[in-house]
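**Q** Structure incoming, see below.
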2 protein chains.
Amino acid sequence: MELRELLVGLVLVWLVAKVAGEGMERIGQTAVLGELLAGVLIGPGVLGLVRETEGLHALAELGVLILLFEVGLESNLDDLLRAGLQATLVALVGVAVPFAVGYGVVYSLGSSALLAVFVGATFTATSVGITARVLGDLGRLQDAAAKVVLGAAVVDDILGLVILAVVTGVAQTGSVSLAAVGLLSGKAIVFLVVALLIGIRLAPTLVRWVGRMQARGTLIVYSVGFAVALSAIADLVGLATIIGAFAAGLVLATTERRHHIEERIKPVADLLVPLFFVTVGMKVQPAMLNPFAENAQFGIALLLTVVAVVSKLAAGLAVYQRGVRRWPIAVGMVPRGEVGLIFAGAGLAAGVIEEDLYSALVVVVMLTTFVAPPWLKALYRADK
Amino acid sequence: MELRELLVGLVLVWLVAKVAGEGMERIGQTAVLGELLAGVLIGPGVLGLVRETEGLHALAELGVLILLFEVGLESNLDDLLRAGLQATLVALVGVAVPFAVGYGVVYSLGSSALLAVFVGATFTATSVGITARVLGDLGRLQDAAAKVVLGAAVVDDILGLVILAVVTGVAQTGSVSLAAVGLLSGKAIVFLVVALLIGIRLAPTLVRWVGRMQARGTLIVYSVGFAVALSAIADLVGLATIIGAFAAGLVLATTERRHHIEERIKPVADLLVPLFFVTVGMKVQPAMLNPFAENAQFGIALLLTVVAVVSKLAAGLAVYQRGVRRWPIAVGMVPRGEVGLIFAGAGLAAGVIEEDLYSALVVVVMLTTFVAPPWLKALYRADK
């Protein structure tokens, strides 16, 4: 009976995810938006077709690990070092300003400091995958601005994971103290540095050894096993699991089998990642956004969206190089995408964020992700 | 905490599965045997390192569906029709004799008719994948005998699934009546025929339609979604889920995208299928096999193994074509492999088979799988 519910749930989730994702891509948006909307539609908040059973939850959790593993695998540490100071500065401003403004607005509305920290952290996220795709469609990936945005993306992923580690740690202890934040940041940075240093040194030997195995599927099983192992270690030392999966991707990206691993992880990601986005959407309660209802979060969602967009544009101010355009960089940093959702989800799981605010935050993430592609296209169209 | 247990469990399961599987392949055996033994070792019966949590169980269940989907995808209905009467006859004898003998021996030992039916059904299974591999290693895949064995394999998979459908149905009602068996066989055959007829007619249109989608991963998600959907339908009409997954594989094997699907399903199978075999091994209680313990199943396991091997050799008697050697066919049908395990597992899940007999049956399956490769090699070596 449980198995049947899981099977029927999977079929429905995959079907709506693919149909909605395809629809969004056709109108120039990202498939992730479609998957989120599909989740809202089939979830308990609207049609109630699918429930997040333990099996589905486990698959969705694996999905987000595979997603971050893939992001790490596609990141290039060398590119990051080359993009250098300009990209790092953009990333830092694009993290600091949204955090400070988000925290300030929520705290001044009368929320607890802990809640304000979570909202601020959600605002720091950047999903430059979406921007990269739009720039690619426009044939602008070789622009100086594009290189800065993509370099900033890697820095931002790393900063975001450190912030997430801190924020989930703070949620566990329940209080925001400078000492605790310092300890957690230190732990997250030490984890990343140690994992990368040891990993990059050992990976070539391991990959060579795996290459000598005769049994089928050795490379994919050891690669994913490595990502899951680092995720478990991150969890054991009190950090977010995804920081481990991301670190595993960064490590394996330095090996000669990188492309083989990318190719094999793709179908696995194709199956599992939509489960994550759809279940995120399923947790949204659209009734709480209804502007005519009591306790409506509609106004909050709109206000937070404006704050999220404007504060992120500040990243454009960090551009100091001549010949690099500010606006494409500023707008390119706006989409919050999957990282923002992970932050909001961590807050919900920790009991810090209530369901109504969670719904509002998912809407904020969706709107920021929604506005960026047409805006970027308009910026470049104005050039001609 | 639950997530951590799942992650640590996955890492351990993958690690021992790959190490033991590789070891078995190196000594000329199949990786599945290593995965089963690894499961026995880390399971509650011996070291107790890993527990089958709900998440791990869900992943293992998906694993067996993916496995049967892959088996279906690699089967060729045309080959089967061409192998024709000789292969069908071998398959029928190889199913009927082990069932009758297995049922007779267990029933005469004083067990219930229902239990005897399950043991008989477990004995009907044939895992010719193992034989195909050994014949391939020996360069004998073009022999007349090899063609008969491989043709019989497809017939046997279909017969096995019909038997499994009947047996699980019988377990649900709790009694063995001729009418019930007739109804269930009819249902299973109708399901397969309807799924294949409708599927094969619609599949080309669907595949063409999926080919026009732009979003990433459409083919793999729709293919696996189709397999899961047919599994859920099989479950809804009271049949075993795997019959649906197998039918989906057979249907998609007739499309032009067959090889694309096979290629994409491979890494997914590589990750999930070992989880199934390891969790099967984890349910074995080696203490119950200890010949010096009370209630020891060691003698039973040995007796059943002899019965299982000898009764399956009868399939060789069904060879009537000249120039086709009996012995390679007889020995080639002996390994019970994954299908036998699925039968025993269905009996355990239905509460018909107790843990002690389940442990004995897994040992029977492992021993039949273990003896076939060296025996086949010896047969061909004697030729020279």
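**Q** Is it true that some residue in the stretch A:323-337 is open to solvent by less than 50 Å² (accessible area, probe 1.4 Å), part of a helix (DSSP H, G or I) and among the charged types (D, E, K, R)? It would help to see each step written out before you state the result.
**A** Quick first cut of the stretch A:323-337, residues open to solvent by less than 50 Å² (accessible area, probe 1.4 Å) only: A:324, A:328-337.
Filter once more, keeping what is part of a helix (DSSP H, G or I): A:328-332, A:337.
So of that shortlist, the ones also among the charged types (D, E, K, R) come out as none.
No, the conditions are met nowhere in the stretch A:323-337.
Each row is one residue, and each column tells you yes or no for (1) part of a loop (DSSP other than H, G, I, E, B); (2) in contact (Cβ under 8 Å) with a residue 60 or more places away in the chain; (3) under 19 Å from A:Val167 (Cβ atoms); (4) out of contact with any strand residue (DSSP E or B) (no Cβ under 9 Å at 6 or more places or on another chain).
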{"site": "A:Leu317", "(1), (2), (3), (4)": "no, yes, no, yes"}
{"site": "A:Tyr320", "(1), (2), (3), (4)": "yes, yes, no, yes"}
{"site": "A:Val339", "(1), (2), (3), (4)": "no, yes, yes, yes"}
{"site": "A:Ile353", "(1), (2), (3), (4)": "yes, yes, yes, yes"}
{"site": "A:Leu361", "(1), (2), (3), (4)": "no, yes, yes, yes"}
{"site": "A:Thr369", "(1), (2), (3), (4)": "no, yes, no, yes"}
{"site": "A:Pro374", "(1), (2), (3), (4)": "no, yes, no, yes"}
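**Q** Could I ask something else about it? For the stretch A:1-52, how many residues meet the condition of being among the hydroxyl-bearing types (Ser, Thr, Tyr) and over 28 Å from A:Ala378 (Cα atoms)? Before the answer, list the steps.
**A** First, pick out the residues of the stretch A:1-52 that are among the hydroxyl-bearing types (Ser, Thr, Tyr): A:30.
Imposing the further condition that a residue be over 28 Å from A:Ala378 (Cα atoms) reduces the set to none.
Adding up the residues that qualify gives 0.
**Q** Would you point out which residue out of B:Val105, B:Val207 is touching a Lys or Arg at 6+ places or on another chain (Cβ under 7 Å), in a helix (DSSP H, G or I) and either open to solvent by 20 Å² or more (accessible area, probe 1.4 Å) or in contact (Cβ under 8 Å) with a residue 40 or more places away in the chain (or both)?
**A** Details: B:Val105 fails: touching a Lys or Arg at 6+ places or on another chain (Cβ under 7 Å).
Exactly one of B:Val105, B:Val207 is touching a Lys or Arg at 6+ places or on another chain (Cβ under 7 Å), in a helix (DSSP H, G or I) and either open to solvent by 20 Å² or more (accessible area, probe 1.4 Å) or in contact (Cβ under 8 Å) with a residue 40 or more places away in the chain (or both), namely B:Val207.
**Q** Starting from residues that are open to solvent by 10 Å² or more (accessible area, probe 1.4 Å) and more than 7 Å from chain A (Cβ to nearest Cβ), keep the ones in the stretch B:224-235 and report whichever is farthest from A:Pro267 (Cα to Cα).
**A** The qualifying residue farthest from A:Pro267 (Cα to Cα) is B:Ile233.
**Q** What's the number of the only condition in (1) open to solvent by 20 Å² or more (accessible area, probe 1.4 Å); (2) under 30 Å from B:Val324 (Cα atoms) that B:Val364 fails to meet?
**A** Condition (1) is where B:Val364 drops out.
**Q** Got a sec? Which of A:Ile198, A:Ile265 is touching a helix residue (DSSP H, G or I) at 6+ places or on another chain (Cβ under 7 Å) and among the aliphatic types (A, V, I, L, M)? So that I can check it myself, show each step before the final result.
**A** Values: A:Ile198 fails: touching a helix residue (DSSP H, G or I) at 6+ places or on another chain (Cβ under 7 Å).
Of the residues listed, the single one that is touching a helix residue (DSSP H, G or I) at 6+ places or on another chain (Cβ under 7 Å) and among the aliphatic types (A, V, I, L, M) is A:Ile265.
**Q** Yes or no: A:Leu250 closer than 30 Å to A:Val106 by Cβ, assigned to a helix (DSSP H, G or I) and away from chain B (no Cβ under 14 Å)?
**A** Values: closer than 30 Å to A:Val106 by Cβ: no; assigned to a helix (DSSP H, G or I): yes; away from chain B (no Cβ under 14 Å): yes.
So A:Leu250 fails the test.
**Q** Right, A:Phe99: of a type in the set (Phe, Trp, Tyr) and open to solvent by less than 20 Å² (accessible area, probe 1.4 Å) or not?
**A** Details: of a type in the set (Phe, Trp, Tyr): yes; open to solvent by less than 20 Å² (accessible area, probe 1.4 Å): no.
It is false that A:Phe99 is of a type in the set (Phe, Trp, Tyr) and open to solvent by less than 20 Å² (accessible area, probe 1.4 Å).
**Q** Among the residues of the stretch B:210-221, what is the count of those that are assigned to a helix (DSSP H, G or I) and more than 7 Å from every other protein chain (Cβ to nearest Cβ)? Full working, then the answer.
**A** First pass over the stretch B:210-221, keeping only residues assigned to a helix (DSSP H, G or I): B:210-211, B:218-221.
Narrowing the set further to residues that are more than 7 Å from every other protein chain (Cβ to nearest Cβ) leaves B:210-211, B:219.
Of the residues in the stretch B:210-221, 3 are assigned to a helix (DSSP H, G or I) and more than 7 Å from every other protein chain (Cβ to nearest Cβ).
**Q** Quick one: is A:Val19 more than 19 Å from B:Gly55 (Cα to Cα), modelled with pLDDT of 90 or more and touching a helix residue (DSSP H, G or I) at 6+ places or on another chain (Cβ under 8 Å)? Talk me through it step by step, then tell me what you get.
**A** Numbers: more than 19 Å from B:Gly55 (Cα to Cα): yes; modelled with pLDDT of 90 or more: yes; touching a helix residue (DSSP H, G or I) at 6+ places or on another chain (Cβ under 8 Å): yes.
Here the answer is yes, as A:Val19 does meet what is asked.
**Q** Among the residues of the stretch A:57-71, is there at least one that is buried (at least 19 other Cβ atoms within 10 Å of the Cβ), part of a helix (DSSP H, G or I), within 12 Å of chain B (Cβ to nearest Cβ) and of a type in the set (D, E, K, R)?
**A** yes
**Q** Is it the case that B:Leu49 is more than 10 Å from every other protein chain (Cβ to nearest Cβ) and either under 22 Å from B:Leu289 (Cα atoms) or among the hydrophobic types (A, V, I, L, M, F, W, C) (or both)?
**A** Working: more than 10 Å from every other protein chain (Cβ to nearest Cβ): yes; either under 22 Å from B:Leu289 (Cα atoms) or among the hydrophobic types (A, V, I, L, M, F, W, C) (or both): yes.
Against the criterion (more than 10 Å from every other protein chain (Cβ to nearest Cβ) and either under 22 Å from B:Leu289 (Cα atoms) or among the hydrophobic types (A, V, I, L, M, F, W, C) (or both)), B:Leu49 qualifies.
**Q** Let me ask something else. Assess whether B:Leu135 counts as being in contact with a Leu (Cβ under 6 Å, 6 or more places away or on another chain), outside any loop (DSSP other than H, G, I, E, B) and either away from every other protein chain (no Cβ under 14 Å) or of a type outside the set (D, E, K, R) (or both). Spell out the reasoning first.
**A** Numbers: in contact with a Leu (Cβ under 6 Å, 6 or more places away or on another chain): yes; outside any loop (DSSP other than H, G, I, E, B): yes; either away from every other protein chain (no Cβ under 14 Å) or of a type outside the set (D, E, K, R) (or both): yes.
In short, yes.
**Q** Filter the stretch B:37-56 for residues that are outside any loop (DSSP other than H, G, I, E, B) and closer than 16 Å to B:Lys283 by Cβ and give the result.
**A** Passing the criteria: B:Leu37, B:Ala38, B:Gly39, B:Val40, B:Leu41, B:Ile42, B:Glu54, B:Leu56.
**Q** Of all residues being within 22 Å of the chain's Cα centre (by Cα), within 14 Å of chain B (Cβ to nearest Cβ) and touching a residue at least 12 places away in the same chain (Cβ under 8 Å) in the stretch A:253-265, which is nearest to A:Tyr222 (Cα to Cα)? Just the residue, please.
**A** A:Ile261
**Q** Given (1) free of Cβ contacts under 8 Å to residues at least 24 places away in the same chain; (2) part of a helix (DSSP H, G or I); (3) among the small types (Gly, Ala, Ser), where does B:Ala188 come up short, assuming only one miss?
**A** Only one criterion in (1) free of Cβ contacts under 8 Å to residues at least 24 places away in the same chain; (2) part of a helix (DSSP H, G or I); (3) among the small types (Gly, Ala, Ser) is unmet by B:Ala188, namely (1).
**Q** Sticking with this structure for a sec: Which one is nearest to A:Gln285 (Cα to Cα) among residues in the stretch A:338-355 that are open to solvent by 30 Å² or more (accessible area, probe 1.4 Å) and of a type outside the set (A, V, I, L, M, F, W, C)? Break it down into steps so the answer makes sense when it comes.
**A** Residues of the stretch A:338-355 open to solvent by 30 Å² or more (accessible area, probe 1.4 Å): A:338, A:348-351, A:354-355.
Next, from what is left, pick out any that are of a type outside the set (A, V, I, L, M, F, W, C): A:338, A:351, A:354-355.
Numbers: A:Glu338: 19, A:Gly351: 16, A:Glu354: 11, A:Glu355: 7 Å.
Across the stretch A:338-355, the extreme among qualifying residues is A:Glu355.
**Q** Being β-branched (Val, Ile, Thr), in a helix (DSSP H, G or I), modelled with pLDDT of 85 or more and open to solvent by less than 10 Å² (accessible area, probe 1.4 Å) is the requirement here; does A:Val306 meet it?
**A** On the way: β-branched (Val, Ile, Thr): yes; in a helix (DSSP H, G or I): yes; modelled with pLDDT of 85 or more: yes; open to solvent by less than 10 Å² (accessible area, probe 1.4 Å): no.
Considered against the rule, which asks whether it is β-branched (Val, Ile, Thr), in a helix (DSSP H, G or I), modelled with pLDDT of 85 or more and open to solvent by less than 10 Å² (accessible area, probe 1.4 Å), A:Val306 comes out as no.
**Q** Being open to solvent by 30 Å² or more (accessible area, probe 1.4 Å) and farther than 30 Å from B:Lys377 by Cβ narrows it down to one residue among B:Arg212, B:Arg140; which is it?
**A** Of the residues listed, the single one that is open to solvent by 30 Å² or more (accessible area, probe 1.4 Å) and farther than 30 Å from B:Lys377 by Cβ is B:Arg212.
**Q** Sort out which residues of the stretch B:113-135 are more than 22 Å from B:Thr88 (Cα to Cα) and free of Cβ contacts under 8 Å to residues at least 60 places away in the same chain, and write them in order of number.
**A** Result: B:Ala116, B:Val117.
**Q** Going through the stretch A:243-280 one residue at a time, which ones are open to solvent by 20 Å² or more (accessible area, probe 1.4 Å) and hydrophobic (A, V, I, L, M, F, W, C)?
**A** Matches in the stretch A:243-280: A:Leu272, A:Phe276.
**Q** So which residues in the stretch A:148-179 are without any contact (Cβ under 8 Å) to a residue 60 or more places away in the chain, farther than 17 Å from A:Leu92 by Cβ and either in contact with a strand residue (DSSP E or B) (Cβ under 8 Å, 6 or more places away or on another chain) or assigned to a helix (DSSP H, G or I) (or both), if there are any at all?
**A** Scanning the stretch A:148-179 gives A:Val170, A:Thr173, A:Leu178, A:Ala179.
**Q** Identify all residues within the stretch A:7-39 that are more than 21 Å from B:Leu219 (Cβ to Cβ), surrounded by fewer than 24 Cβ atoms within 10 Å (Cβ to Cβ) and either at the interface with chain B (Cβ under 10 Å from one of its Cβ atoms) or touching a residue at least 40 places away in the same chain (Cβ under 8 Å) (or both); write none if there are none. First the steps, then the outcome.
**A** First, the residues of the stretch A:7-39 that are more than 21 Å from B:Leu219 (Cβ to Cβ): A:8-9, A:27-29, A:33, A:36-37, A:39.
Keeping just the survivors that are surrounded by fewer than 24 Cβ atoms within 10 Å (Cβ to Cβ) gives A:8, A:27-29, A:37.
Matches in the stretch A:7-39: A:Val8, A:Gly28, A:Gln29, A:Leu37.
The values are calculated or read from the model by the stated rules, or taken from the named source; none is laboratory data. Bear in mind that the values here come from a model prediction, so they are computed numbers and not experimental data. Glycine gets a Cβ as well: all are built from the backbone with ideal geometry, and neighbour counts include every protein chain shown. In case anyone asks, the SASA skips ligands and DNA or RNA and just uses the protein heavy atoms, side chains included. Shrake-Rupley method; radii C 1.70, N 1.55, O 1.52, S 1.80 Å.
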